[in-house]
Amino acid sequence: MLGLLSATWKVSIEDTEGVLKCISSKKSAHITTFWHRYLLCMLCIFRGYPVCVPVSRHNDGEYVAHIMHRYGLLTARGSTTRGSLSMIREMVRHINAGRSCAITPDGPRGPKYSVQPGFILLARRSGAPVHPIGIAVSGCWTFHSWDELVVPKPFARIRVVIGKGLTIPPRRGRNTEYYRRLVQEQMIQCSKEAARYQNASDPGAGGC
């Protein structure tokens, strides 16, 4: 069902730094971040790319991993508890092998639109540049969940804005909270840019 629905979506991407090209060629590893509510949009954006996604080892994680694999994505299995060292080590291993990652830093339980400190630890340890992603959808349904999961309607237009890379240094200089807020602010800014594009393209559309 998801495959049929996603085939009708029209996706436009702003990628000024050529991140997707680098990911596709495995020229360099990147960490891309998007809000958890746009998880289904991410499947469409990264379909077929050599991208790794963190997935829980719990029973519901098996179903999520199955969907990711059907879309050609890789998975890193481990505990998704905030700051989990096991998951961070697994993700760093993938990054060191040249695989990029797609991460929802406000997941798996929220709060919505809030970057969790554990994500900054991953960025520090891997040394890979972090690229915030903003997504806007012209029309959608939403789940009654903590993240208000977005399901784009048939023939919806999805605008994607991939921001400039930010490299978070090892534990020197500014603290974790500074970078947590910085990544969060950049993700919000990219989301606003995506929404502005949608409104300019179709002012009468109800956006998500």
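The values are calculated or read from the model by the stated rules, or taken from the named source; none is laboratory data. Source: prediction; values computed, not measured. Don't worry about glycine lacking a Cβ; one is built from the backbone with ideal geometry, like all the others, and counts go over all protein chains shown.
Looking only at residues of region 20-75 that are among the β-branched types (V, I, T) and touching a Lys or Arg at 6+ places or on another chain (Cβ under 8 Å), we find that the one that is farthest from F143 (Cα to Cα) is V51. Applying the condition of being over 18 Å from T16 (Cα atoms), of a type in the set (D, E, K, R) and not in a loop (DSSP other than H, G, I, E, B) to region 159-183 and asking which residue is farthest from the chain's Cα centre (by Cα) yields E177. The single condition among (1) out of contact with any Phe, Trp or Tyr (no Cβ under 8 Å at 6 or more places or on another chain); (2) closer than 24 Å to M187 by Cα that P105 does not satisfy is (1). Restricted to region 28-44, and to residues that are at pLDDT 90 or above and closer than 13 Å to C101 by Cα, which residue is farthest from the chain's Cα centre (by Cα)? Of everything passing the filter in region 28-44, S28 is farthest from the chain's Cα centre (by Cα). Selection of strands (runs of 3 or more DSSP E) fully inside region 85-158 by the criterion of at least 1 residues being of a type in the set (G, A, S) and crowded, with 24+ Cβ neighbours inside 10 Å returns 100-103, 130-137. Pairs are defined by a Cβ separation below 7 Å, a sequence spacing of at least 6 or placement on different chains, a first member in region 35-59 that is surrounded by fewer than 21 Cβ atoms within 10 Å (Cβ to Cβ), and a second member that is in a strand (DSSP E or B) and of a type in the set (D, E, K, R); the pairs so defined are R57/R77. The set of residues in region 60-72 being in contact (Cβ under 8 Å) with a residue 24 or more places away in the chain and of a type in the set (F, W, Y) consists of Y71 alone. Under the condition of being under 15 Å from P129 (Cα atoms) and not small (G, A, S), the residues counted in region 1-20 number 5.
Restricting region 80-107 to residues that are in contact with a His (Cβ under 9 Å, 6 or more places away or on another chain) and among the hydroxyl-bearing types (S, T, Y), which is modelled with the lowest pLDDT? Selected residue: T80.
If you go through region 1-31 and keep only what is of a type in the set (K, R) and in contact with a strand residue (DSSP E or B) (Cβ under 6 Å, 6 or more places away or on another chain), you end up with just K10. For region 1-15, the candidate set comprises residues that are over 17 Å from the mean Cα position of the chain (by Cα) and over 13 Å from I158 (Cβ atoms); within that set, the residue that is modelled with the highest pLDDT is L4.
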